[in-house]
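Below you'll find the structure, written out as structure tokens, and then a few comments.
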Amino acid sequence: MLAVGRAGAVVLDVTDPLSVAGGRFLLQTRDGAGQCTPHDGPADIKLGLGELATIYMGAHRAYELHRANRITELRSGALRNLDAAFATERVPYCGTLF
């Protein structure tokens, strides 16, 4: 899903109301591959698990969720890095219609 040739890093502080999948994670991308690892340092973006899923599935970009006050940018430029990490040449499509 990651765009080829994009490189960057962003630290996500993910909140989970069920306390199952939340935490702080470092997302690094390079040459179309990504790696996500637990992280103890300061966060660049604060978002909920649902918002992260929305970005991952391609429904909305990070800057759109930020404008809707659903994501908090804690470091200037972090939204741009997060959007770049999930950028694709084609719009993702998920056929989960009921």
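The values are calculated or read from the model by the stated rules, or taken from the named source; none is laboratory data. Here the structure is a predicted model, which is why all the values come from computation and not from measurement. For neighbour counting, all protein chains shown are included, and Cβ atoms are generated from backbone atoms with ideal geometry for every residue, glycine included.
Points worth noting:
- Of all residues in segment 50-61, none satisfies being farther than 27 Å from Gly95 by Cα and at pLDDT 95 or above.
- Scoring Gly5 on the criteria (1) of a type outside the set (A, V, I, L, M); (2) at pLDDT 95 or above; (3) at positive phi leaves a single failure, condition (2).
- Residue check: Pro92 meets all listed conditions (1) surrounded by 11 or more Cβ atoms within 10 Å (Cβ to Cβ); (2) under 17 Å from Val10 (Cα atoms) but one, namely (2).
- Extreme residue, farthest from the chain's Cα centre (by Cα), among residues of segment 70-97 that are polar (S, T, N, Q) and under 22 Å from Ala21 (Cβ atoms): Thr96
- Matching residues, segment 41-74, being basic (Lys, Arg) and more than 14 Å from Leu26 (Cα to Cα): Arg61, Arg67, Arg70
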